[in-house]
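This report concerns only the one structure given below.
The values are calculated or read from the model by the stated rules, or taken from the named source; none is laboratory data. Just so we're clear, the structure is a prediction, and the values are computed from it rather than from any experiment. Methodologically, a virtual Cβ is constructed for each residue, glycine included, from the backbone with ideal geometry; neighbour enumeration extends over all protein chains shown.
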Amino acid sequence: MNIAIIGAGATGMAAAYDLSIKGHSPKIYEASAFMGGHASTFDVGGTQLERGYHHWFTNDIDIINLLNEIGLGNEIKWFESKVGTLVNGKIYPFGTPLDLLRFSAINILDRLRLGLATLYIQKKMNFKDFENITASNWLSKNVGKNAYEIFWEPMLRGKFGEKFYDKISMAWIWGKVHTRLASRGSNFSKEKLGYPMGSFAQIFDVLSDKIKNSGGEINLSTLVNKVVTNKDKFIGLEISEKNSIKRLIKFDACLVTTPSHIFEKLVGDDLSLAYKNKIASIKYMSAVLIVLVLNKPLTDRYWLNIADRSIPFVAVIEHTNFIDSSNYSDKHIVYLSNYLDKDNYMYSMSHEELLEHYIPHLVKINPDFNSDWIETSYHHKIDYAQPIVGINYSKNIPDHKTPIQGLYLANTSQVYPEDRGTNYSVRMGRNLANTIMQSF
């Protein structure tokens, strides 16, 4: 079969790999000049680094299995994570349940309630038990107002903004808790996180070679103008050539991995009203990142949650407290992470404006910080990065099989109840490849 795939991110590349090794002819069309999507990389001093921070948990078996299949299993290295939370100017470590008991920002009774609530969530195996209640309501009731306002609420506000933080389903928290605790092995073990030492660029490069060697194609910097259909059946793609000539290329099937609203624009009026309504119901936050290259470490933590909303970013991810700085010419790599809707004043700031806005707050994290520590910085904006997961979200997820025969949709809005990530994108891509092969 000749199969079109729109998007060269983890989903599209994983699907194309499976299709190509089974004898089919996938052709990927990617508007950007690079592969990887949300996990794409850029050059920092001669080394590839992800535009947005990435790691894996020990239970991320789908991407681990894929790397083993393509000969990169030995590139994955596992390290104990160093997680912390900043509250009222103090960094509290959060690696084990004992750290929770030492979390003196709240009283001992609230600490116990916080721990018991986490244990309760862990023991509940069905996310649907939490789907019809907001996280703010459930957590306020079960961990107490004080613990919620100090620990959970700042994180929800930071992740989903003032508009949406109190509308997020408790099922989303269930997914986060189950993923992170599963990566510990036992309740009292330290969490371990994995990373491909050749960076995510190596993964996409190897996948690309294997897809091409099996007869597939990857077309970068190629714009798809339209998904062409006829009487509820997929026909092909209208492609813009480099000479601006539009050309129709016919295919047997198509997998679209773009955000849902882009998918709707590509297909146009041929989608059913019910399917359009599901797509329209999904809203997103954009990931906005400043990446600092420092000549000194900022903290001793890999992941620092900012539970202080006077600080205008939600997390500090110090990559070189996870992967040794010797891999980056002994420089220290720090991501300042934010999730913003497009109405937020920081969304439209330039690189220089956002950096200037952030710098005064870094002394709240390390009082010794000086702007002279910054050797260079980068600014990345990833739109449609985080779907807003409201109550009863599962009812609004569009099916992978669209109402148009031969046309399939796979994107982060359909990853649920787990939070989106490369592991689930790979799983989705491989599942869709199998679905497509079984349908013809």
Among S281, S199, which is surrounded by 20 or more Cβ atoms within 10 Å (Cβ to Cβ), within 25 Å of the chain's Cα centre (by Cα) and within 30 Å of V389 (Cβ to Cβ)? S199
Out of L248, L220, report the one residue that is free of Cβ contacts under 8 Å to residues at least 24 places away in the same chain, farther than 23 Å from N431 by Cβ and in the same structural domain as S32 (by TED's automatic domain parsing). L248
Mind listing whichever residues of region 238-288 are over 26 Å from K167 (Cα atoms) and among the acidic types (D, E)? E238, E241, D252, D269, D270
Filtering strands (runs of 3 or more DSSP E) wholly in region 304-415 for at least 3 residues that are free of Cβ contacts under 8 Å to residues at least 60 places away in the same chain gives 332-340
Can we say S208 is of a type outside the set (K, R) and surrounded by fewer than 14 Cβ atoms within 10 Å (Cβ to Cβ)? no
Quick count over region 128-160, residues being more than 25 Å from the chain's Cα centre (by Cα), under 10 Å from M170 (Cβ atoms) and either of a type in the set (V, I, T) or buried (at least 21 other Cβ atoms within 10 Å of the Cβ) (or both), is 0
With respect to the numbered conditions (1) assigned to a helix (DSSP H, G or I); (2) exposed (fewer than 15 other Cβ atoms within 10 Å of the Cβ); (3) touching a residue at least 24 places away in the same chain (Cβ under 8 Å); (4) out of contact with any Lys or Arg (no Cβ under 9 Å at 6 or more places or on another chain), which one is the sole condition not fulfilled by G215? (1)
Could you count how many residues in region 65-99 are closer than 30 Å to L207 by Cα and in a strand (DSSP E or B)? 5
Here are L72, L66: which of them is at pLDDT 95 or above and surrounded by fewer than 21 Cβ atoms within 10 Å (Cβ to Cβ)? L72
